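The values are calculated or read from the model by the stated rules, or taken from the named source; none is laboratory data. Predicted, not measured: the structure shown is a model, and the values here were computed from it. Backbone-built Cβ (ideal geometry, glycine too); neighbour counts: all protein chains shown.
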Number of protein chains: 4
Amino acid sequence: MIVVMRPGASREQIEAVARRLEELGFKTHPIYGQEKTVIGAIGNKKALSSEAIINLPGVEKIVPILKPYKLVSRELKDTPTIVRVGGVPIGGRNVVLMAGPCAVESEEQLLTTARSVKEAGAQILRGGAFKPRTSPYSFQGLEAEGLKMLARVREEVGLPVVTEVMDTRDVELVAGYADMLQIGARNMQNFRLLKEAGATGKPILLKRGLAATVEEWLMAAEYILDSGNSNVVLCERGIRTFENATRFTLDLSAVAVVKENSHLPVIVDPSHGTGSWRLVPPLARAAVACGADGLLIEVHPDPVRALCDGPQSLHPENFDLLVGELVAVAQAVGRTIGFNGRSQQDIEGFAGEKTGSGPV
Amino acid sequence: MIVVMRPGASREQIEAVARRLEELGFKTHPIYGQEKTVIGAIGNKKALSSEAIINLPGVEKIVPILKPYKLVSRELKDTPTIVRVGGVPIGGRNVVLMAGPCAVESEEQLLTTARSVKEAGAQILRGGAFKPRTSPYSFQGLEAEGLKMLARVREEVGLPVVTEVMDTRDVELVAGYADMLQIGARNMQNFRLLKEAGATGKPILLKRGLAATVEEWLMAAEYILDSGNSNVVLCERGIRTFENATRFTLDLSAVAVVKENSHLPVIVDPSHGTGSWRLVPPLARAAVACGADGLLIEVHPDPVRALCDGPQSLHPENFDLLVGELVAVAQAVGRTIGFNGRSQQDIEGFAGEKTGSGPV
Amino acid sequence: MIVVMRPGASREQIEAVARRLEELGFKTHPIYGQEKTVIGAIGNKKALSSEAIINLPGVEKIVPILKPYKLVSRELKDTPTIVRVGGVPIGGRNVVLMAGPCAVESEEQLLTTARSVKEAGAQILRGGAFKPRTSPYSFQGLEAEGLKMLARVREEVGLPVVTEVMDTRDVELVAGYADMLQIGARNMQNFRLLKEAGATGKPILLKRGLAATVEEWLMAAEYILDSGNSNVVLCERGIRTFENATRFTLDLSAVAVVKENSHLPVIVDPSHGTGSWRLVPPLARAAVACGADGLLIEVHPDPVRALCDGPQSLHPENFDLLVGELVAVAQAVGRTIGFNGRSQQDIEGFAGEKTGSGPV
Amino acid sequence: MIVVMRPGASREQIEAVARRLEELGFKTHPIYGQEKTVIGAIGNKKALSSEAIINLPGVEKIVPILKPYKLVSRELKDTPTIVRVGGVPIGGRNVVLMAGPCAVESEEQLLTTARSVKEAGAQILRGGAFKPRTSPYSFQGLEAEGLKMLARVREEVGLPVVTEVMDTRDVELVAGYADMLQIGARNMQNFRLLKEAGATGKPILLKRGLAATVEEWLMAAEYILDSGNSNVVLCERGIRTFENATRFTLDLSAVAVVKENSHLPVIVDPSHGTGSWRLVPPLARAAVACGADGLLIEVHPDPVRALCDGPQSLHPENFDLLVGELVAVAQAVGRTIGFNGRSQQDIEGFAGEKTGSGPV
């Protein structure tokens, strides 16, 4: 940590800051410049929030030197983490396709979608039972009933399931049915939910908050790892900016930044990231090209009649066409994708594995 | 609702859209322009999310005409709502000061602060027992112990208490101690928490999310009103922008926009909005000048040693000076402020009233 | 400047960086931490852009310690600069009102407006002759003809004139008529225009760019001061954010941040900042309350028929009402405002002074 | 255009708005809803800015139905425009690589870079002679001398040249040397410069402004097309957002949005878009995968000693490696890239063509 003193800070002020730092267990290294003095402080940052220093007289600002996250960082662990969801590894050479409807609407809708996306190459089924909706008057999801449908369709089709949990009180319930728990963008800094979901030991899909920096996103993941669960997959889904031609601004640079700083896998959701099914294919291709470990894509058998997010849902035929394009892009960057990659060496089988099957 | 058809949409497509709208209970009014056709649709919007139409062939976009919120809107109720917190009315002629430490750290710290802010003119005591922190390694609050300190200090000093609730599981506990429940910015779209907190019937302080538009913020309030509780006070606390000279960008225009569109009171938190105690006084004055119904200000007896948000906390002496300035600004805009205003006609007494005193 | 080395940087890399810094004239102070090494570098920053170091092997990042601006900073000059425009001082105790139509449309329109705003208390007349318009199909201003109208109305009414210059080729022309040159938000980083306008010696009104940080804005002012002209008044006019209830987000914190870091006066334009005349009064009051040295307000005698920015233009009657409110707010913060303040000690007379009167 | 009336607007107000619209040449279609009335207005939008209506009593808002741009739109011209720069077509099947140093520093630096990027596959040489710099103390470019170097190196190496013009007064000079004129992000709404550069008839590379929506960017291009020059190539280079892990946020969705709405080619600048050479390769691959017609990449023979933007400049060896990756991605999306694609059917030869060679 570097403490920058204001120009004109007195020697007394500088010494008082140094003394306080030493009381807090730091070794100090003052450097006297012509205009300003800075004090290098070496020691255990955990012992101190910079807040204890910033208000001392004469202090202008604190410059942190160490990253605020530890467990998620490449500095701690340099090899990529592989997260297994019902036997499907995420974070290896294969790019994983997660697909399905925004919301579970009926068993038939879910089953039709699941079959078509599996046929096209998807390896994980997505579907919302609990839906966070901006309006209290919008469809809020089938809740427990939706979870049961997900479990039955999983049995029938043979795809592991990811679904969102919104409330600490539902964590146990959802974990009883799902193979992976999704923390939505609006709950990225719902720290209690992070801890509770983390404590289940289930793989967690952690969506980036609309206004979260990459650093804050990694700090949210740190909460989960700190709770003892390192099965975290990050998901970029667009941030809030002034641009309104798209619903959000998909930040693909974040994929590369995460890869540089963390060992966790990172996937991309071009459906929420753009808000328009027409934009999903180009951005899905771009996500694979820049190194994403997977894609989360909304597919609905009848987007015109979808109860949620129809405008951004692909028709199964278009999803199938898209996967064809993605296979080529994945190959161009030295990777495999989806079902077609399942015979690859670093992909384990799913069929034979036992996954959660409802609360006992 | 106006449905805009793409240029070149066929007559069949136009008619299909009109037919679908009529099936959904709308009366339709197509207008054929030279380049584009639009279809006006009149009817009960609740029955339909625009999502059911947007994906029909030939549709370019949907333009909503009615506001998505009802219960919070001035169109429904044109007189300002007055929310009473432990006898203190918010939303009337008097501008209410809520002040106290970011986090409750000890009973002594809280008591000292409470006495000094009351002396200066504050009418409500703030203090966090449950703290949402970006880092799992930061101080997370005293939790239940902190709530008890808040209740004891309330008895001692005679100020009603506002404190944050972060988890649906804690709503009952917190409501047992607090006079007003705060929903933090990071939980503004934690819809389950909104419903649960709303259901207590307690006054709710709803902070604006970092990336929330005013419309989304009002929709969050709509969740609470829809749960039967109209005691909602909105709190502007800064939004995320590219500017990094301040921690957030305090959006004072939002105060005026809320006033124009909603009957709910709106207050401003210049401490979080700027992140720096030096900027609190000018922005607090500005908030009062532009019509805020109250201020939420962090005050700490020893900001240098604060466990949370020291950099943005005012020393009690500075808070006292600030209140002096605010009294003058309030008067200039035809209002009273804080304790000094308590003899005014539209302010009710607090001392004699019974407020919550812990779970029985 | 602090050079932060990556974790695991070798001693050779550290020494190579130190050597390079010394070649560039710096004295170096390496501090070896447990995880990272940092090198403090003291010397003349002007001699070096950090770009010369950042790419050396093992370097993680550079942390600047000194501010990048010099001439505009309070560190160089701690007393507020007073800029005189046709005898009206900006930056003293009096808050200056600049008002007039967005665009000069006719001599009659301008004259009517000028008379009414002067009557209400305005001290400077604004009016655009060259208009930057998003669309090539919008009214682009009366150009030279508009300048002549401005000059004639100035003679008639006795108010100095501020008007925008958009092109280096027009600087001499505009400077021949105007008392103050405005650099618009879209040209804030048109560095050639800054230099050219600065070189006239005329007072410059420098609007903040839509996407400019306060630091970049001050750097733009630095260009003008560096060209030898310190008569710069800064103007906050809203930044681009995700919020769309207002046209831009007026950043009043920036006023306080500028005051803390610079000696230059700063005014606020609530008309462009909000885009709606209904929001102008509350935000104008807020601007004065938080310390702005002036206001730039669009007034049009017939906003419904304005050729430009009608929606944000006040009718003269509303402007008159607003000034009444502002006088009270200014008084509450220890200042005077507009014409009413002209008898104050720190305000010099305008009538007797000679101002520019067209090219000779 | 749809005029939405406020709830409670009187029949007189509605009729007055309709009358005014009819005076302005519109045919009106009022639709009376239960809560609000809207008036559809059909006619020539050019004749009217919505500003003429918005301030009429009872009007709540105006909803435009037609796009504000015409000449750049796919609605006018559905086939992609191919822009030829010194014989290199942009906008066809081949993805064009433009590469070179941020700033021209010396003839040797430029020549070395030009040779290496051509060898690697680049088809156009970039290099700044006039440099817009945030600080007046940074290197501002070699100006006219730099232009001459660009022309000499073009002769020597055989690559057409793109370089920035910042000032209307330099347009003729720069156009005398360059094959393509670049309008930088900070000048995207310098409308005079757009017109002046457009009037040369030279191909224009129009960078997106830091705070420009896609619509505003297309409107800036409309200025150039309206000046009679349709040789415009758009360049996405990152927008300003709250994220600070990258210098800007590269908005690749914008590429797809432009493709959907305009016939103009669009390229991507991952160097400025990310600000870090480490992030250039993944984002360059992503740009090609999502449909960009070209890339603009900064390459410097000795990034450590670059006078400008060293941190984001690729070393020639890394550029060469990157091109190899891009060839594979281009192929995966059915395109060719760079020099390797020059034998393709839709690519014309460059060597034999005469390009501009300095002012005569």
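Structural remarks
- Restricting A:R11, A:R20, A:R84 to those that are within 30 Å of A:C290 (Cβ to Cβ) and basic (K, R) reduces the list to A:R84.
- Looking at segment D:39-126, the strands (runs of 3 or more DSSP E) lying wholly inside it that each contain 2 or more residues that are under 30 Å from D:N318 (Cβ atoms) and of a type outside the set (S, T, Y) sit at D:83-85, D:88-90, D:94-100, D:124-126.
- Exclusive hit being of a type in the set (V, I, T) and at the interface with another protein chain (Cβ under 10 Å from one of its Cβ atoms), set B:I124, B:I42, B:I82, B:I90: B:I42
- Among residues of segment B:52-75 that are at the interface with chain A (Cβ under 9 Å from one of its Cβ atoms), those with a Cβ under 7 angstrom from a residue that is acidic (D, E) and surrounded by fewer than 18 Cβ atoms within 10 Å (Cβ to Cβ), sequence gap 6+ or separate chain, pair up as B:P68/B:E215.
- C:V333 at the interface with another protein chain (Cβ under 8 Å from one of its Cβ atoms) and free of Cβ contacts under 8 Å to residues at least 24 places away in the same chain: no
- In segment B:262-320, the residues that are assigned to a helix (DSSP H, G or I), over 26 Å from B:E243 (Cα atoms) and either in contact with a Phe, Trp or Tyr (Cβ under 6 Å, 6 or more places away or on another chain) or not basic (K, R) (or both): B:P316, B:E317, B:N318, B:F319, B:D320
- The residues of segment D:145-171 that are more than 25 Å from D:V88 (Cα to Cα) and in contact with a helix residue (DSSP H, G or I) (Cβ under 8 Å, 6 or more places away or on another chain), listed by number, are D:D167, D:T168, D:R169.
- Residue match in segment A:254-266 (condition: touching a residue at least 12 places away in the same chain (Cβ under 8 Å), within 11 Å of chain B (Cβ to nearest Cβ) and under 12 Å from the mean Cα position of the chain (by Cα)): no
- Hits in segment A:192-209 (condition: surrounded by fewer than 24 Cβ atoms within 10 Å (Cβ to Cβ) and either within 10 Å of another protein chain (Cβ to nearest Cβ) or assigned to a strand (DSSP E or B) (or both)): A:R192, A:K195, A:E196
- Summed over segment B:210-227, residues that are part of a loop (DSSP other than H, G, I, E, B), under 14 Å from the mean Cα position of the chain (by Cα) and either more than 7 Å from every other protein chain (Cβ to nearest Cβ) or more than 23 Å from C:T249 (Cβ to Cβ) (or both) total 1.
- In segment D:4-36, the residues that are within 12 Å of D:P57 (Cα to Cα) and either touching a Cys at 6+ places or on another chain (Cβ under 8 Å) or in a strand (DSSP E or B) (or both): D:V4, D:M5
- Boolean, D:V157 is among the β-branched types (V, I, T) and more than 27 Å from D:L193 (Cα to Cα): yes
- Checking segment B:147-159 against the condition returns no match, with no residue being closer than 17 Å to B:S313 by Cα, surrounded by fewer than 21 Cβ atoms within 10 Å (Cβ to Cβ) and assigned by TED's automatic domain parsing to the domain that holds B:C308.
- The set of residues in segment D:94-118 being more than 18 Å from D:A284 (Cβ to Cβ) and not hydroxyl-bearing (S, T, Y) consists of D:A103, D:V104, D:E105, D:E107, D:E108, D:Q109, D:L110, D:L111, D:A114, D:R115.
- Every condition in (1) crowded, with 23+ Cβ neighbours inside 10 Å; (2) not in a loop (DSSP other than H, G, I, E, B) holds for D:T241 except the one numbered (2).
- Qualifying residues in segment B:119-146 (those that are among the basic types (K, R) and surrounded by 20 or more Cβ atoms within 10 Å (Cβ to Cβ)) - the one farthest from B:P301 (Cα to Cα): B:K131
- Scope segment D:105-128; condition closer than 17 Å to D:V174 by Cβ and in contact with a Lys or Arg (Cβ under 9 Å, 6 or more places away or on another chain); matching residues: D:L110, D:L125
- Hey, A:V299 among the hydrophobic types (A, V, I, L, M, F, W, C), under 13 Å from the mean Cα position of the chain (by Cα) and either in the same structural domain as A:A221 (by TED's automatic domain parsing) or modelled with pLDDT of 95 or more (or both) or not: no
- Any chance C:G310 is more than 9 Å from chain B (Cβ to nearest Cβ) and surrounded by fewer than 20 Cβ atoms within 10 Å (Cβ to Cβ): no
- Scanning segment C:17-41 for residues that are crowded, with 18+ Cβ neighbours inside 10 Å and modelled with pLDDT under 85 yields a single hit, C:G33.
- Residue within segment A:260-279 that is of a type in the set (K, R) and closer than 30 Å to C:P7 by Cα present: no
- Unmet criterion (only one of (1) free of Cβ contacts under 8 Å to residues at least 40 places away in the same chain; (2) under 26 Å from D:V104 (Cβ atoms); (3) at the interface with chain C (Cβ under 9 Å from one of its Cβ atoms); (4) part of a helix (DSSP H, G or I)) for D:R186: (1)
- Any chance C:A221 is surrounded by 24 or more Cβ atoms within 10 Å (Cβ to Cβ) and touching a helix residue (DSSP H, G or I) at 6+ places or on another chain (Cβ under 6 Å): no
- Checking D:G324, D:G291 one by one, the residue that is surrounded by fewer than 24 Cβ atoms within 10 Å (Cβ to Cβ), within 14 Å of chain A (Cβ to nearest Cβ), over 22 Å from D:A103 (Cβ atoms) and under 16 Å from the mean Cα position of the chain (by Cα) is D:G291 and no other.
- Top-ranked residue in segment C:246-263 [being within 26 Å of C:G128 (Cα to Cα) and touching a helix residue (DSSP H, G or I) at 6+ places or on another chain (Cβ under 6 Å); ranked as surrounded by the most Cβ atoms within 10 Å (Cβ to Cβ)]: C:L252
- Some residue of segment D:66-86 being crowded, with 22+ Cβ neighbours inside 10 Å and among the hydroxyl-bearing types (S, T, Y): yes
- Residue that is modelled with the highest pLDDT [pool: residues in segment B:49-78 that are among the polar types (S, T, N, Q) and assigned by TED's automatic domain parsing to the domain that holds B:F26]: B:N55
- Within segment B:267-280, the residues that satisfy the criterion of being over 16 Å from the mean Cα position of the chain (by Cα) and buried (at least 24 other Cβ atoms within 10 Å of the Cβ) are B:T274, B:W277, B:L279, B:V280.
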